Structures are given as structure tokens and as C-alpha cells.
Amino acid sequence: MVRYILKRLITLAASLALASVVIFALIEVTPGDPASFMLGLNAAPETVAALRDQLGLNEALPLRYLQWVGGMLQGDFGLSYTYKVPVADLVADRLEISAPLALIALALSTALALPAGLWAASRRGRAGDALVMGATQLGIAVPNFWFAMLLVLVFAIKWQLFPAGGFPGWSDPLAALRALTLPALALALPQAAILARVLRSALIETLGQDYIRTARAKGLSRGAALTRHALRNALIPVLTILGMQFSFLLAGAIIIENVFYIPGLGRLIFQAITQRDLIVVESVVMILVFAVIAVTFLTDLAYALVDPRLRRPA
Amino acid sequence: MKPALALGAVLSGAALAAAVLSLVWTPYDITQLAIAQKLQPPSLAHWAGTDHFGRDIASMLMAGARTSLAVALVAVGIGMGVGVPLGLSAAALRGSWVDEAIMRGNDLIFAFPSLVIAILITAVFGPSATNAIIAIGIFNIPVFARVSRAGALSLWTLDYIRAARVAGKGRARISAEHILPNIANLLIVQGTIQFSLGILAEAGLSYVGLGAQPPTASWGRMLAEAQTMVTLAPHVALAPGLAIVATVLGLNLLGDGLRDALDPRLRGRMA
């Protein structure tokens, strides 16, 4: 197990190192000089040069890369070009909205998918199964930002149950939660559809195993065998999918935050892109990649803990 | 043919037909603005209504189908064109450093949140349909590499491949002549799935303004433009969304149906 963790940690570090090089290189080739962008069209060349110097843009590339990575390792992400505040503070502010949004979406998707998958598996081949499977096919095909627009149309404009967009801040937790409900629902639906399908096929696979037959032969009802024995074993692939979905939730949140004008990480990236605030773009993308790689690592680890067969090399 | 497969074929066929037809004919010219006709509900003359510039939405949907399908198709082409040779080489040289390097490279691309990187690429190189294709295509490469490697590995152990080896054929030639035709089914099924994911990705990128640019019609951009008018004229937001759902659903059903039809072991089972 220790060897497995060590091996995975080395892969994790290598992934992060490579990701940082790719992101840094991409940002470097971006046309447009941040200094002249910040100062506007009429800035004197000397002023631009002085600002470039101040921002450290005149240093050699490898040195700037090392400074960037070194800073991040110490929690210093540099100063935003446009807001003139530490990027770490900007990100922390936005995370207060984006992280709860992703978590609520994850919880919603699980809450929708678990009963749907269980129900479909218990009714395999019958009308209820076909109904759930049809609904999940539809759920996978619906773009989440369009679903978000439909939710706004019905729940915000027609029935006025939830706000159509914006975020009031956490000082009023109830209002904040109401503002996040529709975005979380829009994010959760496609993920719930995928999750329900995975759970159903995992359950059906498990239900065919000998130990389930034994449990049934001992007199356990179908439902009891399903929830007491099959569900536990079927949860292993489901957990892996949940870990993978985290990355989709993060990426999806970028678009959904723009639909609802929610000032989270996604809006921050877009604003930074249009304002050529490259240091913010660079850092936020790196943080997102780190989050995804770290979650994948933890999922793999949890998986290996549950299933000893995975610790051996393939 | 099973009903789901038939429905999938009809829906994907309709999108394809609309895209091809739009090359030579659309009911109205979508470059012509007719402000007097703006935001009309569906009628006989405009059966999907008109948008805020008075353009015929049905015509724009047809032209948008062309953009969506073209972007997704080329992205699948990139994924297959690069990924399949990589996967075949990895399988042919199983256990060597080449195999290791290809598979670890794959894992790395998989580790990236694809949409975030697509956004980064289009942000850096400028928003355009071409950059959207590249961004989506890159993430198709590891998918096809993995599928073709897995498919090829099981074939390499079979007797007829060994016979070909004994007959003196090289690994590259065996891969091209014997392995590739036998994993074609797998690739077709995976291609259909990636195609539908590509359409969703293109719509998402265009929606946030990083995909196809005006005057190119695109379903994602139509939705972005519709967003501010959704209260005035809900039909403007409904039509492009339904077009995306129908096409993606059609391709997914087609992919599932083809998988069952092409794999005799699954025949008669409900997958």
C-alpha cells in the first residue's frame, strides 16, 4: 500500500509540474502586453517600460517560471494586474461562492441519482426502468446552460420562487442559498443522469453475483438483498465516478456562473481574460487543475483502500 | 432494428440533412436583417419564429447545424487521426518505454479539466471555430488512444496474429492490416459518443463567446443572444436548445444501438 501511494504521489507531482509548464507557456505566447494594456493606448513608452520592470516582465523566462511556481508553493499567487490586490485574496473571496455551489450540486446530483438508479435496477427491463433510462438519456443530452435558462424562465420569471441571477452574499444565508439553488440544480442534472446510469449497471452486475443468489436463497427479499448487499458493492464504481464528476462540476460552474451572474471563480476567469489580467488567469487555471488532480488522486486512493486488487500493478 | 437505434438514426440523420441542405438552401437568407419582423412567434411563414434582428430562426438552426456538426466531426477526426496510431503503437510495443510514455501522456491530458483548458486555449489564441475544434480535438486524443490500445491488446494474443508474426510480417503492418479492421467497430461506437460530446462542448464554448464568431451561425451563440430576450420571446431560447438536445440524444442513441448491434455478445440483452 505504501508503495502504491508513493507511486501515485510521484505521478501526481509530475502531472502538476507538467500542467504548470503548459499553462505558463500558453500564457506566455498570448499576444498583448499586460503593461500596455493596463496603461491604455496613450501611455508613454517609458511608463510602459517602467511598469514592465515593476511587474517583473523583463526577467528571463525560466526565472519568471520558477518565481511563479515558488510563489504558489508559499501561497503567494502574485498581484492582480487590474485590481492591484493579491490573487490569493481574490480567489479566496470567489471560492466562498464557487465551492459551496459545487458541493450543493454534488449533493443534489447524488440525491437524485441514488433513488433513480436503485429504482431502475430493481425494475430492470420493466416500464419503470425504461422510464428512468429514457429520462437519463435526455438528461445527458441537455446542455446545462440551456437547462439553466429554462429554470430561470419557469422558477424565477413565471413563478418568482427564486432569483434569476446575482448573489446577495453570505450575510443572509437563506437568501444566499436561494440564489444558489437554480445554478446548483442546472449543474446537477446532467451529472445525476450519468450517475444514475452508472449505479444502475453496477447494481445489475452485482445482482448477478453468487453471493446475492445465496442471500436470496436464505430468504432475503429482493429489496433487502438490493439495499443491504448489492448497493454497498455497487457504490465502489459510483464513488469513482463522483470523483471524476468533480472536474466536470468545476468546468460546468464556469459557464453556469456566467448564466446567473454569480461572482464565483468562473466569472473571475472570464473577467480576467477580457481584461488581460494574465496572472489571475494563470493562477486560477492552475488552482482548478490542482483541485482536479488532487481529487482524482484521493479517489484512486479511496478506491485502492476498498478494493485490494487495485494495489497490485496491472 | 430496435426502436431506440431507429430513433437515434432518424434524429442524427435529420441534423445531418439540415446541415447539408443549408449549404445550398435555407428558407431565408440569414445575413439579411429585417428589424420590422423581429421576435415574431412561430408562424407559417417562419415556422420557428424570428430573432431580435428579424432573422428566420429555422434558417439559422440549419446553418447552426453545419457549424456544430463540422466542429464536432473535425474534432473527432483529430482524436482518431492522432489517438488511434498512438494506441496501436502502444499495444504493438506493449510493456516497452513507448507504451509507458504514450499511456502516461494520456493520463496527463485526462487529468486536465477539459473545458477549463479549452477556455484557456481559445482565450489565448482568440475565440474562433478553428480554435474550438483544436481545443475539443486535443481531449479526444487520449480517449481514442485508450480505446484502440485496449482493443488491440486483446487481439495481439490471438492465433491468427501470431501466425502473421511467424509469416514474417512486421508489427506496424500487422497493426494496419489485421488489428485496425478488427477494432473498427469499437472506434465507430466511441466516435459517435465523442461526436455528441463535441457538439455539447462546441455549444458551451460558443455560448460563452469563445467558439464560432459572427456571422457564422451557431446554436450556442443563438442561445447566448436569446438569453436577454427570454422573457419577451421564449421561442428564441427554446429552438436552439431543442436542436442541441435532439442531435445529442440522437447520436447517443445511435452509439448505444450500434454498440449492441455490432457486439454479438450483447445482442438480446438490455444494456
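The values are calculated or read from the model by the stated rules, or taken from the named source; none is laboratory data. None of these values were measured; they are calculated from a predicted model. Cβ atoms come from the backbone with ideal geometry, glycine included; neighbour counts cover every protein chain shown. Accessible surface is based on the protein model in full, side chains and every heavy atom, while ligands, DNA and RNA are left aside. Shrake-Rupley method; radii C 1.70, N 1.55, O 1.52, S 1.80 Å.
Please find, among A:L6, A:L41, the residue that is closer than 28 Å to B:P127 by Cα, out of contact with any helix residue (DSSP H, G or I) (no Cβ under 9 Å at 6 or more places or on another chain), among the hydrophobic types (A, V, I, L, M, F, W, C) and more than 14 Å from every other protein chain (Cβ to nearest Cβ). Please lay out each step first, then the result.
Details: A:L6 fails: closer than 28 Å to B:P127 by Cα.
Answer to the selection: A:L41.
Taking B:A233, is it more than 22 Å from B:G81 (Cα to Cα), among the aliphatic types (A, V, I, L, M), more than 13 Å from every other protein chain (Cβ to nearest Cβ) and surrounded by fewer than 21 Cβ atoms within 10 Å (Cβ to Cβ)? Let's see the steps before the verdict.
Numbers: more than 22 Å from B:G81 (Cα to Cα): yes; among the aliphatic types (A, V, I, L, M): yes; more than 13 Å from every other protein chain (Cβ to nearest Cβ): no; surrounded by fewer than 21 Cβ atoms within 10 Å (Cβ to Cβ): yes.
Answer is no for this residue.
Would you mind stating whether A:R197 is at pLDDT 90 or above, closer than 24 Å to A:L103 by Cα and touching a Ser or Thr at 6+ places or on another chain (Cβ under 6 Å)?
Working: at pLDDT 90 or above: yes; closer than 24 Å to A:L103 by Cα: yes; touching a Ser or Thr at 6+ places or on another chain (Cβ under 6 Å): yes.
Against the criterion (at pLDDT 90 or above, closer than 24 Å to A:L103 by Cα and touching a Ser or Thr at 6+ places or on another chain (Cβ under 6 Å)), A:R197 qualifies.
What pairs come up if the first residue lies in region B:29-42 and is over 18 Å from B:A237 (Cα atoms), the second is open to solvent by 100 Å² or more (accessible area, probe 1.4 Å) and at pLDDT 80 or above, and their beta carbons are under 9 Å apart, counting only those six or more places apart or on different chains?
Partner pairs satisfying both residue conditions: B:T31/B:P215.
So how many residues does region B:236-252 have that are open to solvent by less than 30 Å² (accessible area, probe 1.4 Å) and over 14 Å from the mean Cα position of the chain (by Cα)?
Here the count works out to 6.
(1) hydroxyl-bearing (S, T, Y); (2) facing chain A (nearest Cβ under 9 Å); (3) surrounded by fewer than 24 Cβ atoms within 10 Å (Cβ to Cβ); (4) within 12 Å of the chain's Cα centre (by Cα): which one isn't true of B:T192, the others all being true?
So B:T192 meets the others, but not (2).
Take the conditions modelled with pLDDT under 90, open to solvent by less than 30 Å² (accessible area, probe 1.4 Å) and aliphatic (A, V, I, L, M) and apply them to B:A152. Does it pass? Full working, then the answer.
Values: modelled with pLDDT under 90: no; open to solvent by less than 30 Å² (accessible area, probe 1.4 Å): yes; aliphatic (A, V, I, L, M): yes.
Answer is no for this residue.
So which of B:L238, B:L251, B:L200 ends up being under 22 Å from B:R55 (Cβ atoms) and within 11 Å of chain A (Cβ to nearest Cβ)?
Numbers: B:L251 fails: under 22 Å from B:R55 (Cβ atoms); B:L200 fails: under 22 Å from B:R55 (Cβ atoms).
On inspection, the qualifying residue turns out to be B:L238.
Scan region A:1-59 residue by residue and report those that are of a type in the set (A, V, I, L, M, F, W, C) and over 34 Å from the mean Cα position of the chain (by Cα). Let's see the steps before the verdict.
Our first condition is that a residue be of a type in the set (A, V, I, L, M, F, W, C); within region A:1-59, this holds for A:1-2, A:5-6, A:9-10, A:12-14, A:16-19, A:21-27, A:29, A:35, A:37-39, A:41, A:43-44, A:48-51, A:55, A:57.
Once the filter is applied, which keeps residues that are of a type in the set (A, V, I, L, M, F, W, C) and over 34 Å from the mean Cα position of the chain (by Cα), region A:1-59 yields A:L39, A:L41, A:A43, A:A44, A:V48, A:A49, A:A50, A:L51.
Quick one: in region B:99-128, of everything that is aliphatic (A, V, I, L, M) and touching a Ser or Thr at 6+ places or on another chain (Cβ under 6 Å), which residue is most open to solvent (accessible area, probe 1.4 Å)?
Step one: of region B:99-128, the residues aliphatic (A, V, I, L, M) are B:101-103, B:108-109, B:111, B:115-121, B:123-124.
So of that shortlist, the ones also touching a Ser or Thr at 6+ places or on another chain (Cβ under 6 Å) come out as B:108, B:111, B:124.
Working: B:L108: 33, B:A111: 17, B:V124: 8 Å².
Result: B:L108.
What tally of residues in region A:109-125 results from selecting those that are under 14 Å from the mean Cα position of the chain (by Cα) and either of a type outside the set (S, T, Y) or open to solvent by 50 Å² or more (accessible area, probe 1.4 Å) (or both)? Show your work before the answer.
In the first step, residues of region A:109-125 are kept if they are under 14 Å from the mean Cα position of the chain (by Cα); the result is A:109.
Adding the requirement that they be either of a type outside the set (S, T, Y) or open to solvent by 50 Å² or more (accessible area, probe 1.4 Å) (or both) leaves none.
Of the residues in region A:109-125, 0 are under 14 Å from the mean Cα position of the chain (by Cα) and either of a type outside the set (S, T, Y) or open to solvent by 50 Å² or more (accessible area, probe 1.4 Å) (or both).
Pick out the one residue from A:E46, A:E59 that is open to solvent by 50 Å² or more (accessible area, probe 1.4 Å), away from chain B (no Cβ under 14 Å) and part of a helix (DSSP H, G or I). Step through it out loud before you land on a result.
On the way: A:E59 fails: part of a helix (DSSP H, G or I).
Just one listed residue meets the conditions, A:E46.
Being closer than 9 Å to A:A196 by Cα and within 14 Å of another protein chain (Cβ to nearest Cβ) is the filter here, so list the residues in region A:107-125 that pass it.
If the condition is that a residue be closer than 9 Å to A:A196 by Cα and within 14 Å of another protein chain (Cβ to nearest Cβ), then A:A120 is the only one that fits.
How many residues are open to solvent by 10 Å² or more (accessible area, probe 1.4 Å) and more than 7 Å from every other protein chain (Cβ to nearest Cβ) when one looks only at region A:14-26?
7
Is it true that some residue in region A:66-88 is surrounded by fewer than 16 Cβ atoms within 10 Å (Cβ to Cβ) and either within 14 Å of another protein chain (Cβ to nearest Cβ) or in contact with a Lys or Arg (Cβ under 6 Å, 6 or more places away or on another chain) (or both)?
No, the conditions are met nowhere in region A:66-88.
Out of B:S148, B:S114, I need the residue that is of a type in the set (S, T, N, Q) and away from chain A (no Cβ under 11 Å). Which one?
Criteria check complete, one pass: B:S148.
Pairs only if they're at least six apart or on different chains, beta carbon under 6 angstrom, first in region A:265-280 and farther than 20 Å from A:G40 by Cα and open to solvent by 10 Å² or more (accessible area, probe 1.4 Å), second part of a helix (DSSP H, G or I) and at pLDDT below 85; list them, first residue then second.
Within 6 Å, no pair qualifies.
Out of curiosity, is B:I133 in contact (Cβ under 8 Å) with a residue 40 or more places away in the chain and open to solvent by 40 Å² or more (accessible area, probe 1.4 Å)?
no
Name the single residue, out of those in region A:134-167 being at pLDDT 90 or above and in a loop (DSSP other than H, G, I, E, B), that is farthest from the other protein chains (Cβ to nearest Cβ).
Among those that are at pLDDT 90 or above and in a loop (DSSP other than H, G, I, E, B), it is A:F167.
Restricting to region A:199-239, count the residues that are farther than 15 Å from A:R123 by Cα, open to solvent by 30 Å² or more (accessible area, probe 1.4 Å) and either assigned to a helix (DSSP H, G or I) or hydroxyl-bearing (S, T, Y) (or both).
First pass over region A:199-239, keeping only residues farther than 15 Å from A:R123 by Cα: A:209-220, A:228-229, A:232-239.
Filter once more, so that each one left must be open to solvent by 30 Å² or more (accessible area, probe 1.4 Å): A:209-211, A:213-214, A:216-220, A:228-229, A:232-233, A:235-237, A:239.
With either assigned to a helix (DSSP H, G or I) or hydroxyl-bearing (S, T, Y) (or both) added as a condition, the list becomes A:210-211, A:213-214, A:216-217, A:228-229, A:232-233, A:235-237, A:239.
Within region A:199-239, residues that are farther than 15 Å from A:R123 by Cα, open to solvent by 30 Å² or more (accessible area, probe 1.4 Å) and either assigned to a helix (DSSP H, G or I) or hydroxyl-bearing (S, T, Y) (or both) number 14.
In this structure, is A:R178 of a type in the set (D, E, K, R), assigned to a helix (DSSP H, G or I) and touching a Leu at 6+ places or on another chain (Cβ under 9 Å)? Let's see the steps before the verdict.
Details: of a type in the set (D, E, K, R): yes; assigned to a helix (DSSP H, G or I): yes; touching a Leu at 6+ places or on another chain (Cβ under 9 Å): yes.
Considered against the rule, which asks whether it is of a type in the set (D, E, K, R), assigned to a helix (DSSP H, G or I) and touching a Leu at 6+ places or on another chain (Cβ under 9 Å), A:R178 comes out as yes.
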